[in-house]
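I have placed the structure first, in the form of structure tokens, so that the comments after it can refer back to it.
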Amino acid sequence: MPRPPEKIVFAGIVLAFAILPALVTNQGFINVLVNAGIFMLLAIGLNIVVGFAGLLDLGYAAFFAIGSYTYAMCASGQFGLHLPFWPMLVVSALIAALFGIILGAPTLRLRGDYLAIVTLGFGEIVPQTFLNLEQFTGGPNGISAIDSARIGPYVFGLNPVPYYYVVVVLIVLSLIATVNVRDSRLGRAWMALREDEVAAAHMGINTTTAKLAAFALGASFSGLAGVVNAALLTLVSPDEFKFNVSITVLAMLVLGGMGSLTGVVVGSALLSLLNFFVLPQATVIAQQFGLNLDFTNYRFMIYGFILIFIMLFRPEGLIPSGQRKAELRASRVETEST
Amino acid sequence: MSAFFELCGVTKAFGGLVAVNDCSLTIDAGGIVSMIGPNGAGKSTIFNLITGLYRPSSGEIRFEDVPIGGLRPDQVARRGVARTFQNIRLFAFMSALDNVMTGAHAHMGATLLDSLLHTPRQRAEERRVRDQARELLQFVGLEKSAADDARNLPYGSQRRLEIARALASDPKLLLLDEPAAGMNPSEKAELLALVRRVRERGVTVFLIEHDMALVMEISERITVLDHGEKIAEGRPAEVRADPRVIEAYLGAPA
């Protein structure tokens, strides 16, 4: 179970988010929130791989792509299949988990930099594959006219509000599941693995299955995110899942604090707000003043500055987990003293 | 009758360097046995061979009549062989309690699904393992440090925590790699008592140690290694009197 402070934070956030659509009538802003929620799900999943098990994965967007395309292929005119949204959430999560294992297996012997490079490669291969498998995926055009979600006769359509509630529920369930796993035999095994793989193996931890479990579980959350993404946009295309998505999600973890669930929530919320709200709004305002500036083009420059400042002044992230904070501080003292 | 544990002609070569050469030894259940030898004699290599960190180049390692040579470390651990490390390898940023609970990993059964849902079975198991871990911390005298990060413990306590973590897997054979290294005389005396109490729990202890006084006092049998080969074996008094052992430690008489 979550410790009391985390519990209160979660409860507060859930309540605030439950009543929010009643206060905000602007559908555009709700759309921003749904997108932020999708990225939060991605961050929660990546945190299992990078934050808990310490496996640096730079190709996480691949699983988001797999989740999105799974729903797109199964619920559109592409193959004439029109499978319903709700069971497809589970199916996509399972398929993404399966690919987590398939793409994780070749990397088991790799650590640190080497692991990062190989996962980076997978992150590029997957969208490229979707681009080239034209007969299944529609190639560069992607798949359009994807079914939107529905509950009985009520079709969600282009209204973001029901998706908003779906995302909030998925996030809450994901956080509960993640806290549970963290405080379990498997969670301890991941942390042991992160700290000392040799010692972990000598405790009877099968490092292969522990790593694959991290890859699988981490990927499954992006399967959920992918389904919501595809149903909301009613469109998927390969260029949605480029390297910048992987980096954005990783930046959310670094900003918030790797391994810290509160940190992941805050970090992803802040970057999403910047991404989907602040920068577009700033652009609109600039244009009102006659400035032809598109701030969204400077997104990665701004990320860069944020990350540099975080690394300099708060390397453990905004809201770190106690353990990670100590690790990062200790390694910094070590580097400084050598 | 077959042996509890035996090495049969085990050789380990790293490229051209033969670290362990045709080494055989037998350990009976329930005792405390030691392995000594000058630095670089191959003692730690033997431990690494037993626990599966290295694969033997040739020869066989048998534990309770089952060959374990070439198994992975986690498989060896599951069969009931636990160890500590020469240079302490605790999970430095985990609490002492979590370190010990991690040691119990092998005999826990919670699956991924149990962990995700915190099923009643999983909770009961967590409680059981936590209680057992607290008991083990008390056993090694660290009950007050349960919540402290392993890295913040004093050196001697870290050594004892490593023993508690190893015991958490409920081993039949415990390998201690220089447990007294760097300890002061009073810490050594405590360690000696601790190792004896470990044996009383029914765990066979096999240790590598440099401290001769400690080894001679605690061991029932001693194996002496030099340049990767066994040069002597026997009770402490026999080993102490063996001319080859004296030569290995002090050099040949001029």
Original post:
Does any residue of the range B:123-141 turn out to be within 17 Å of A:Met191 (Cα to Cα), crowded, with 23+ Cβ neighbours inside 10 Å and in contact with a Ser or Thr (Cβ under 8 Å, 6 or more places away or on another chain)?
Top reply: no
**OP:** Could you please give the count of residues in the range B:204-253 that are surrounded by 15 or more Cβ atoms within 10 Å (Cβ to Cβ) and of a type in the set (Gly, Ala, Ser)?
**Re:** 5
**OP:** Return yes when A:Arg109 is outside any helix (DSSP H, G or I) and farther than 22 Å from A:Asn244 by Cβ and no when it is not.
**Re:** yes
Original post:
Regarding B:Ala133, is this residue within 14 Å of chain A (Cβ to nearest Cβ) and modelled with pLDDT of 95 or more?
Top reply: yes
**OP:** Could you tell me whether the range A:277-292 includes any residue that is under 17 Å from the mean Cα position of the chain (by Cα) and under 30 Å from A:Leu131 (Cα atoms)?
**Re:** no
Original post:
Of all residues in the range B:53-76, which are part of a strand (DSSP E or B) and charged (D, E, K, R)?
Top reply: B:Glu60, B:Arg62
Original post:
If only one of A:Leu46, A:Leu89, A:Leu20 is under 12 Å from the mean Cα position of the chain (by Cα) and of a type in the set (A, V, I, L, M), which one is it?
Top reply: A:Leu46
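Quick grid of which residues meet (1) crowded, with 20+ Cβ neighbours inside 10 Å; (2) modelled with pLDDT under 95:
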position: A:Gly80; (1), (2): no, yes
position: A:Val90; (1), (2): no, no
position: A:Leu98; (1), (2): no, no
position: A:Leu108; (1), (2): no, yes
position: A:Glu124; (1), (2): no, yes
position: A:Gly139; (1), (2): no, yes
position: A:Ile146; (1), (2): yes, yes
Original post:
Is the range B:93-107 home to any residue that is within 10 Å of chain A (Cβ to nearest Cβ) and either in contact with a Phe, Trp or Tyr (Cβ under 6 Å, 6 or more places away or on another chain) or within 24 Å of A:Ser220 (Cα to Cα) (or both)?
Top reply: yes
Original post:
Among the candidates A:Leu232, A:Leu279, A:Leu253, which residue alone is closer than 23 Å to A:Val50 by Cα, assigned to a helix (DSSP H, G or I) and touching a residue at least 12 places away in the same chain (Cβ under 8 Å)?
Top reply: A:Leu253
**OP:** Test each condition in (1) farther than 17 Å from B:Lys12 by Cβ; (2) touching a Lys or Arg at 6+ places or on another chain (Cβ under 9 Å); (3) within 14 Å of chain A (Cβ to nearest Cβ) for B:Val66 and report the one that comes out false.
**Re:** (3)
Subject >> Number of positions in the range B:142-155 that are buried (at least 19 other Cβ atoms within 10 Å of the Cβ) and not in a strand (DSSP E or B) >> reply: 4
Original post:
Is there any pair linking a residue in the range A:43-59 that is closer than 13 Å to A:Met252 by Cα to one that is of a type in the set (Phe, Trp, Tyr) and buried (at least 24 other Cβ atoms within 10 Å of the Cβ), with Cβ under 6 Å and at least six apart or on different chains, and which?
Top reply: A:Ile44/A:Phe221; A:Gly45/A:Phe221; A:Leu46/A:Tyr60
**OP:** Identify the single condition in (1) at the interface with chain A (Cβ under 8 Å from one of its Cβ atoms); (2) buried (at least 21 other Cβ atoms within 10 Å of the Cβ); (3) not small (Gly, Ala, Ser) that B:Thr84 does not satisfy, given that it satisfies every other one.
**Re:** (1)
Subject >> Only one of B:Ala166, B:Ala180 that is within 14 Å of chain A (Cβ to nearest Cβ) and either in contact with a Gly (Cβ under 7 Å, 6 or more places away or on another chain) or in a loop (DSSP other than H, G, I, E, B) (or both) >> reply: B:Ala166
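The values are calculated or read from the model by the stated rules, or taken from the named source; none is laboratory data. Please read all numbers here as calculations on a predicted model, not as lab measurements. Using ideal geometry, Cβ is built from the backbone for each residue, glycine included, and neighbour counts are taken over all protein chains shown.
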